[in-house]
Amino acid sequence: MTTLRCERVLQLTLAVIKPDAVAHPLILETLHQKILENNFIVVRKKDLWWRRKDSESFYAEHSGRFFYQRLVEFMSRQVCGPMRAYILAREDAVAHWRELMGPTKVYRARYTAPNSVRALYGLTDTRNTTHGSDSAESAKREIAFFFPEFSVQQWLDKEEQRFRAGH
Ligand code: GDP
Ligand code: MG
């Protein structure tokens with residue numbers, strides 16, 4: 001008899017619902033449900049506000065680009081309300097969350113991925129609803145930025161132990 005072993009290699013990603021989407025209860029709830037429906041494990045979740053220097057530091061790679069100042073300002077504007085950050089786990093978490101988000105620019109998302117989150121709920125290229133890490137390495141760095149108390153390596157090691165123990 002052949003034994004099928006159901007292997008799962010979990011990957012972590014950072015997903016952020018930006019303040020424009022958190023401000024709308026129905027959109028927030030829809031996005032949360034989408035995460036669950038797509039078999040992500042919610043490892044951690046928190047609502048938080050940024051100070052300007054957090055925003056500048058997180059988006060430092062875009063410093064100097066024409067949209068940098070408005071992005072930094074939007075992400076740290078207290079009046080918009082909090083953003084929501086998740087650590088999500090599943091197979092291919094990074095790529096899968098980015099696929100759900102769709103292209104960065106809302107107009108492009110509407111043409112090329114009309115059912116994506118950004119196409120459906122994005123307002124502008126700045127207020128494009130969500131952020132997602134773009135690689136496993138950036139996920140590690142970005143998770144540390146939002147959840148400094150969380151160790152990616154420790155979580156992955158424990159997950160591997162659980163897997164080896166057959167749980
Ligand atoms: P992402 O990884 O898809 O979020 O895209 P990037 O890392 O390239 O950019 C970070 C964020 O900067 C995006 O999510 C947008 O909010 C913003 N951004 C990127 N490109 C543009 C642009 O051309 N115009 C404006 N207004 N914002 C942009
Ligand atoms: Mg990016």
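Derivation of every value follows stated rules applied to the coordinates shown; laboratory data play no part. Worth saying up front: this structure is predicted, and the values here are computed from it rather than measured. Using ideal geometry, Cβ is built from the backbone for each residue, glycine included, and neighbour counts are taken over all protein chains shown.
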Scan the chain and hand back the longest stretch that contains none of the GluC sites (Glu not before Pro) lying in DSSP loops with at most 10 other Cβ atoms within 10 Å.
8-148
For the range 150-165, what does the Karplus curve 6.51 cos²θ - 1.76 cosθ + 1.60, with θ = phi - 60°, yield as ³J(HN,Hα) per residue in whole Hz, taken in order and with x for Gly and Pro?
9, 9, 4, 4, 4, 5, 5, 4, 5, 4, 5, 4, 4, 5, 5, 6
Lysines within cross-link reach of residue 46: Cα-Cα under 24 Å, excluding same-chain residues under 8 positions apart?
18, 34, 140, 158
Bins of 5 Å, starting at 0 and running to the largest distance - Cα pair percent for the range 11-158
2, 10, 19, 23, 23, 15, 6, 2, 0
Net charge of neighbours whose Cβ lies under 11 Å from the Cβ of residue 97, counting Lys and Arg as +1 and Asp and Glu as -1:
0
What is the spread of the Cα atoms of the range 124-167 along each of their three principal axes, largest first, in whole Å?
47, 20, 15
